[in-house]
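The values are calculated or read from the model by the stated rules, or taken from the named source; none is laboratory data. Just so you know, these numbers come straight off a predicted model, no measurement behind them. Ideal geometry is used to build each Cβ from the backbone, glycine not excepted, and the neighbour counts take in all protein chains shown.
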Amino acid sequence: MEQVVFIFRKEGFAMDKIVLMKKDRVATILINRPEAFNSLDYDTVKQMEDTAMKVEADQEIKVVLVKGKGKSFCTGADLKYLRSIAEDREKIARFIDQINRAFNSLESMKVPVIAVVHGHCLAGGCELLISCDLTLASSDAIIGDQHANFGLIPGAGGTQRLPRLIGVQRAKELLYTGKWLSGTEAEKYGLVLKAFPAVELDAEAEKLAAQIVEKSSLGLSHMKKLVNHGLQIDLHTAVELEVATFLHYFPSEDVREGLLAFQEKRKPKFK
């Protein structure tokens, strides 16, 4: 099936800084600012949130890939843009609110979201990475928080999501030193799931997406919500939530199909 590309227009501006592509049941959200190393200004993160909402409304999509066009995945906030609004606290607050709305929309999306990282993935780009469910990276990718290198601090979840993902000490190391990791090193840190040679990255991402596409979307959405919410509450309450969700989900058509497929020794066909 041919890949379909959508470039949206909304509220008077061309939504060309984010491009949405759809092939079969896999969507790709592409950051389309290669001339700026896919750095993030207000329009870019606004379009990212709008695109995520469109994906969320599409019942056919079962997996989302997040990529960057050109030589980099994402180099974080556009510092030229930040300098241009630095004296306007209202605009700064508006931008920080919008970047968090965009990243939160990916984190809370019902379907699994996979970051596919190549080239530079720094500062806000790293915060984008850790907002996704899974990350695959090229072995030679350059990944790091780096806010400390310029006297900045994270503003899009870096100090909160990073310790939850890789542990407190390693997170503080990356935050305090601003050091860069290769994709291979990031895999050892647990920052990315797996690193591959750059020429294999897209194929490996498609392979992982294909494995997930076969599963029950309803079941995966429950699991994602349980994992994300469970990290915010105590273990006893989280297990009670899992039990309640299990009992709610068990009568579903997908569960019936899964059990029948097991009995009939075939692959389930989820609706």
Could you check how many residues of the range 166-185 are in a loop (DSSP other than H, G, I, E, B) and among the charged types (D, E, K, R)? 1
Looking at (1) surrounded by 18 or more Cβ atoms within 10 Å (Cβ to Cβ); (2) modelled with pLDDT under 95; (3) not hydrophobic (A, V, I, L, M, F, W, C), can you tell me which one THR44 breaks? (2)
Reported set for the range 40-76 where residues are part of a loop (DSSP other than H, G, I, E, B), in contact with a helix residue (DSSP H, G or I) (Cβ under 8 Å, 6 or more places away or on another chain) and of a type outside the set (Lys, Arg) is ASP41, ILE61, GLY70, SER72, PHE73, THR75, GLY76
Looking only at the range 163-204, filter to residues that are in contact with an Asp or Glu (Cβ under 7 Å, 6 or more places away or on another chain) and aliphatic (A, V, I, L, M); which one of those is surrounded by the fewest Cβ atoms within 10 Å (Cβ to Cβ)? ALA198
Just to be sure, is ARG89 charged (D, E, K, R) and either assigned by TED's automatic domain parsing to the domain that holds ASN228 or touching a residue at least 60 places away in the same chain (Cβ under 8 Å) (or both)? no
Would the range 126-142 turn up any residue that is surrounded by fewer than 23 Cβ atoms within 10 Å (Cβ to Cβ), out of contact with any Cys (no Cβ under 8 Å at 6 or more places or on another chain) and not in a loop (DSSP other than H, G, I, E, B)? yes
Quick one: what pairs do we get from the range 195-207, first residue touching a residue at least 40 places away in the same chain (Cβ under 8 Å) and part of a helix (DSSP H, G or I), second among the acidic types (Asp, Glu) and surrounded by fewer than 16 Cβ atoms within 10 Å (Cβ to Cβ), C-beta under 9 Å, 6+ apart or different chains? ALA198/ASP140
Residues satisfying the stated conditions in the range 124-141, i.e. in contact with a strand residue (DSSP E or B) (Cβ under 7 Å, 6 or more places away or on another chain), closer than 16 Å to PRO163 by Cα and of a type in the set (Asp, Glu): ASP133
Check LYS54, LYS62, LYS46, LYS67 and return the single one that is touching a Pro at 6+ places or on another chain (Cβ under 9 Å) and touching a residue at least 12 places away in the same chain (Cβ under 8 Å). LYS62
Report yes if GLU107 is closer than 24 Å to VAL55 by Cβ and surrounded by fewer than 22 Cβ atoms within 10 Å (Cβ to Cβ), otherwise no. yes
Among the residues of the range 238-253, which ones are part of a helix (DSSP H, G or I) and either of a type outside the set (Val, Ile, Thr) or closer than 26 Å to CYS132 by Cβ (or both)? ALA238, VAL239, GLU240, LEU241, GLU242, ALA244, THR245, PHE246, LEU247, HIS248, TYR249, GLU253
